[in-house]
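Structure record follows, encoded as C-alpha cells.
The values are calculated or read from the model by the stated rules, or taken from the named source; none is laboratory data. Note that this is a predicted model, so its numbers are computed, not measured. Here the Cβ is made from the backbone with ideal geometry for all residues, glycine too, and neighbour counts use every protein chain on show.
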Amino acid sequence: MAALMKKAVRLPAVLLTLGLVLLLVLAAQVPAFAQTITAISAEEAAARAEAGEILLVDVRTSQEWDQSGSPEMAFQNSMHIEGFFERLDARVKGNKAAPIALICASGNRSGRMSQILAQMGYETILDVSEGMYGSQAGAGWLAKGLPVTP
C-alpha cells in the first residue's frame, strides 16, 4: 500500500513539472513575438521614413490611394492584390531584419498584416496604428498634415 501511495504522489508531481516546463517554453515565445511588433505614431513613421530608417508600406487599395493620397515616402503595396508578400520581400531584398512600418486607413489592416509578417519571421515591424484617417491611437496621417502624394 505504501508503494502504491508513493507512485500516486509521484504522478501529480511529474504532471505538475511537465506543465510548468511547457508553460515556461510558451512564455518564452510570447515576448519574442510581442517585441517584434511596435506601435508608432504617424509623425514618427514620417520622420523615420524620410530619414531612410524604415520602409513605410501603405497596404490599402489603389482606390483608397486615389481618394486620399498615400504617405509621400510610402511603398504602395496593397494587401488586397495577390503577390503582396513577394513584392515586399523583393523590396527589402529578402532581409527579414529590415524595419518595416505598415499603414492603412485606421490601423485594423496594418495590425493584422503586422501579425502575419511577425509569424513569417520578419523581425522589426512597426504598426502606424492611427492610420491615415485616425483611430483611438491618434488623429491620423491626414489630420496631422503629414505629406502625401496624390
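So E123 clears everything in (1) under 10 Å from the mean Cα position of the chain (by Cα); (2) under 18 Å from E64 (Cα atoms); (3) part of a loop (DSSP other than H, G, I, E, B) except one condition, right? Which one? The one condition E123 does not meet is (2). Would you check if there is a residue in segment 37-47 being surrounded by fewer than 19 Cβ atoms within 10 Å (Cβ to Cβ), farther than 15 Å from S129 by Cβ and modelled with pLDDT of 95 or more? Yes, there is a match, as at least one residue in segment 37-47 is surrounded by fewer than 19 Cβ atoms within 10 Å (Cβ to Cβ), farther than 15 Å from S129 by Cβ and modelled with pLDDT of 95 or more.
Identify all residues within segment 75-120 that are outside any helix (DSSP H, G or I) and either closer than 21 Å to Q136 by Cβ or touching a residue at least 60 places away in the same chain (Cβ under 8 Å) (or both); write none if there are none.
First, the residues of segment 75-120 that are outside any helix (DSSP H, G or I): 75-83, 92-107, 120.
Scanning segment 75-120 gives A101, L102, I103, C104, A105, S106, G107.
Look through segment 56-76, keep the residues that are crowded, with 21+ Cβ neighbours inside 10 Å and more than 16 Å from L146 (Cα to Cα), and return whichever of them is farthest from the chain's Cα centre (by Cα). It comes out as R60. Of everything in segment 130-144 that is surrounded by 18 or more Cβ atoms within 10 Å (Cβ to Cβ), farther than 8 Å from S106 by Cβ and more than 17 Å from the chain's Cα centre (by Cα), the residue that is modelled with the highest pLDDT is W141.
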